[in-house]
Every structure is written in C-alpha cells, then in structure tokens.
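Q: Pasting a structure here, questions to come.
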Amino acid sequence: MRVAVVGAGMVGVSCAWALQRRGQEVVLLDRGEPGAKTSHGNAGVLSPTSLLPLNHPGLWSQLPDLLRGRSPGFRLRSEGLRRRLPALLGFLGQARPSVLEPTAQALHQLIGLSRPLHTQWMKEAGIAHRWRDAGWLFLYRSPAAWQAAAWAREWYRRFELSCQPLDAQALRELEPDLQRGFTHALWVQGAASVDEPGAVVRDLAAHLVGQGLQFVREEVRHLQRLGQGWQVQTSAGQRLEVDQVILALGPDSRDFLQAQWGWRLPMLHERGYHLHYAWQGRGLQRPIYDTAGAYVLSPMTPGMRLSTGVELAEATAPPREEMMQAAEAAARQVLPLGDRLQAPMWLGSRPTLPDSRPILDAAPGQPGLWLALGHQHIGFSTGPGSGEVMAALVLGQAPPINPRPFAALRWGRHWLR
Ligand SMILES: Cc1cc2nc3c(=O)[nH]c(=O)nc-3n(C[C@H](O)[C@H](O)[C@H](O)COP(=O)(O)OP(=O)(O)OC[C@H]3O[C@@H](n4cnc5c(N)ncnc54)[C@H](O)[C@@H]3O)c2cc1C
C-alpha cells in the first residue's frame, strides 16, 4: 500500500516510521525540512507527569488571575478572540473531574507506549547519544507553593510515577547550580529529555529516507478523492496518487481542514517562545521547570533553552517580547543565566483540542483519510506512540492501546460544519 503522510513534525515522521516498518511504501510531505516547526522549538522533555493537562478542574480557581494577566505562565491576546472563542469555551468546559480521569488514563497509555519506542528508534537511527535519562525537576520557591501542588503529586502517586521529593539541600547536591531561591523540588525520575528535539526528528526522517522513504519538500495545497485512493496536489504542481493519506499538520491542521472541507476544528494555539542562553555555572544535568517563573530551562546543544508558558493567540499573530522578557527576568533571579545567544526569539504553537487529547482516527466521511493532530504540550514525547496507533488503524490491525479516547467525533459532529 502507498501512504502519503502530510507533515514531517514528530507526529508525521513517527507515522511514517511505523508504516515503513510494517512494509508500506510511504511518501512524506512537508513545506519545510523535517522537524523544523513546532517539533524543533519545544523543550525536549518526555515526562510521565504530562498525563495531567493544563485544563484540569483546578483551572477554574486560577482563572481570575489568568485572565488579568497576573500569572507569569499565561497571556490571553485579544486580537482574533472571536474566532477562537468557541475553542476556548470548549477547552474550559472540559476542565472537570469527569473529563480529567479518562484524559489522564488515555495520556498515560500514550506516554507509556511512546517512551520505549523513542529510545528504540533513536538507537536504530544512530542518535542514542541525544537521549538523557536523568529525569526533570519541578522547582518551588516556598513551602506554600510546594503544598499547593500536593494534588498533582497525589495523581502521580496513583499512577505509580517515579518521583522523589527533595529539600533545598538535596536539590543543591543533585544540581549544584540551583543554589538559591528554591525550598522544595520534585525530581521526576521517570522523565527523560533530548539535547535538540528538532535534530532528533530530522535524523529519524533521514534514517527513513536511507531506507527508501520518499520525502517531498513541497506544500500540500489540496487533496482529492480519486477512485479508491487520493490525489495529493502540491504547491509545485505535483499530483501524487496514493491509497491513503495521514494528515499530521500540527498547529496548521485547523486552517487546512477549514480550507479543504469547511470543518471548524476546535483547536487552540497555545503559543510559546524560546531563546538560548550562555550559562555561568557548572551546567545542568536535566531540564527544570520553575513553577514560580512558569518557564522551562533545558540544557541543549545550542545553549540553555529557556521556554515560556502559554500565550493564547492566533498562530499568525505577530510575536511580543513580553513573555520572554518575564521568563528571563524570573530565571535571572535564581539562576546563573548568561547572555542571549540568538535573536530573534523562536515562536511556535502547541496545537490543543478541548479535552487535551489528540485525534488519532479516520477523518469522518472521508474513506482512506486519517487525522493525527492536536498533541498540545506533549507531541514531541507522544509522537512515536501516535505513529504506532495510526499505522495499526490504517492497516486495519488492532492498535497497541485503546484508540477510543482519541476518536475524531468524541465531542460530536458539530465541528464538521
Ligand atoms: C514552547 C513549547 C514547548 C514545548 N515543550 C514540549 C516538551 O518539552 N515535550 C513535548 O513532548 N512537547 C512539547 N511541546 C509540544 C510539541 O512541540 C508539539 O506538540 C509537537 O511538536 C507537535 O508535533 P506535530 O508533528 O504535530 O507538529 P509540527 O512539528 O508543527 O509538524 C507539522 C508539520 O506540518 C507541516 N505542514 C503544515 N501544513 C502543511 C502543508 N499544507 N503542506 C505541507 N506541510 C505542511 C509543517 O511545516 C510542519 O513541519 C512544546 C511546544 C512548545 C510551543
């Protein structure tokens, strides 16, 4: 069977990998190089704790501060808000206990499935050196902040995630550069990280090309049903005929589906920025999340990558320095951060659906067309598991985990028109 995978981010490359491993002929298309968009700019963390989404029920008590811009990890931009309002209300509406439980269960499965695949695939591609098994750290600046996160630790305990609480001294012993500012930490020992996520995706794709994958660097403009299969039309006028198509367009999915079929996918763009910095300390062994500053700092090949929290805006809205400056200022209070190593700052969008679960399913009413999108904050880590699920579905095989929580019509059909 010949399958076109459109989108060569972590999710699309993973779909291509899983299908090619099952003996299928795969054409991977992207308007840019593999791993150059959202999958390039993320924090490179793979954590079992990501089973708790941003829209957990506790979001309601945080809402007044979030809307007033008093939370360092969140900004709501007003431009284009009317268009985004249905998705935003849908996202808030899903912040309830009856949704959190199945979401946490589903994400736990997907995260658990993905992790061993990541290490196995990276080994096969000869890039195991990019992987770090040292976990990551949640940092707290006061006993009250530590106490306020007790509910999350209770979830981690329930799911038997490997985590170790640290006091200030134990934290300094583990990471000598974390000398000041933090009273408590949670060492998520079950987490891992990579030294450059975009390079991981690029190298995985290059390995597939070495094994027969066809990579087409062109924008896909239009999809047309042709007999039993599909015709993929590109910006350069190519017309590729394939049996099946997987769309893995990350944050561009919403606009593509709307232009193609008029669908209104309830996708939010949780934008985030990053910059790389020099470091005036001994170095960190693992990424850190400073809960007070709401930034993540990841040691990476190009430098210390400082990533911000969430700016809710249209994916195409112009960037603003505000969040990056706030994250940098918060980090400088407690860390030996050196000069900025790059300009301008990187900006990308976490593609988020109302219940914070991706869609991994057939496209409704379009035989032979599949959707793998909406991976919010965890698409780098959950790409491989998503690829395995998609390959099984496309080939009519039993998926390795229950795919029902990832069904396209789980909130009904209203978004199709
Ligand atoms: C600041 C930040 C920090 C993050 N940190 C983490 C983290 O630590 N861990 C984690 O797991 N996740 C993290 N994420 C989330 C993660 O980066 C995303 O969930 C993931 O990269 C999504 O992958 P994707 O393949 O779906 O999308 P993308 O990587 O965006 O890939 C989609 C591809 O589709 C292509 N495309 C779109 N339209 C077309 C078209 N018409 N024709 C051809 N090609 C097209 C694009 O060029 C792009 O390459 C973070 C995200 C951000 C923004």
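The values are calculated or read from the model by the stated rules, or taken from the named source; none is laboratory data. Since this is a predicted model, take the numbers as computed values, not measurements. All Cβ positions, even for glycine, are placed from backbone atoms using ideal geometry, and neighbour counts span all protein chains on display. For accessibility, only protein heavy atoms count, side chains too; no ligands or nucleic acids. Shrake-Rupley method; radii C 1.70, N 1.55, O 1.52, S 1.80 Å.
Q: Looking only at residues that are under 23 Å from P364 (Cα atoms) and surrounded by fewer than 18 Cβ atoms within 10 Å (Cβ to Cβ) in the stretch 230-248, which one is farthest from the ligand (Cβ to nearest atom)?
A: D243
Q: Something else about it: Considering the stretch 214-226 alone, what residues qualify as being in contact with an Asp or Glu (Cβ under 9 Å, 6 or more places away or on another chain) and not aromatic (F, W, Y)?
A: Q214, V216, R217, E218, E219, V220, L226
Q: Let me ask you something else. Going by what's in this entry, would A168 be described as closer than 20 Å to S50 by Cβ and either touching a residue at least 12 places away in the same chain (Cβ under 8 Å) or among the hydrophobic types (A, V, I, L, M, F, W, C) (or both)?
A: no
Q: Can you tell me which residue within the stretch 389-407, out of those that are more than 16 Å from the chain's Cα centre (by Cα) and within 16 Å of the ligand (Cβ to nearest atom), is surrounded by the fewest Cβ atoms within 10 Å (Cβ to Cβ)?
A: A391
Q: Just checking, does the stretch 25-48 include any residue being charged (D, E, K, R), modelled with pLDDT of 95 or more and away from the ligand (no atom under 12 Å from the Cβ)?
A: Yes, some residue in the stretch 25-48 is charged (D, E, K, R), modelled with pLDDT of 95 or more and away from the ligand (no atom under 12 Å from the Cβ).
Q: So which of E154, E196 ends up being modelled with pLDDT of 95 or more, closer than 15 Å to V45 by Cα and among the acidic types (D, E)?
A: E196
Q: Could you list, ordered by first residue, the pairs with Cβ atoms under 8 Å in which the first is in the stretch 1-14 and within 6 Å of the ligand (Cβ to nearest atom) and the second is of a type in the set (F, W, Y) and not in a strand (DSSP E or B), at least 6 apart or interchain?
A: As it stands, the answer is M10/F380, since those pairs meet every condition given.
Q: Within the stretch 107-129, which residues are open to solvent by less than 30 Å² (accessible area, probe 1.4 Å), assigned to a helix (DSSP H, G or I) and not β-branched (V, I, T)?
A: Once the filter is applied, which keeps residues that are open to solvent by less than 30 Å² (accessible area, probe 1.4 Å), assigned to a helix (DSSP H, G or I) and not β-branched (V, I, T), the stretch 107-129 yields L107, L110, S114, L117, H118, W121, M122.
Q: Could you give me the residue pairs with C-beta distances under 8 Å whose first residue belongs to the stretch 363-388 and is at pLDDT 95 or above and open to solvent by 10 Å² or more (accessible area, probe 1.4 Å), whose second residue is away from the ligand (no atom under 14 Å from the Cβ) and of a type in the set (D, E) wherever it lies, and which are 6+ apart or on separate chains?
A: From residues that are at pLDDT 95 or above and open to solvent by 10 Å² or more (accessible area, probe 1.4 Å), the pairs are G368/D243; W370/D361.
Q: Only strands (runs of 3 or more DSSP E) wholly contained in the stretch 193-303 count here; list those with 2 or more residues that are among the hydrophobic types (A, V, I, L, M, F, W, C) and within 26 Å of Q333 (Cα to Cα).
A: 268-279, 295-300
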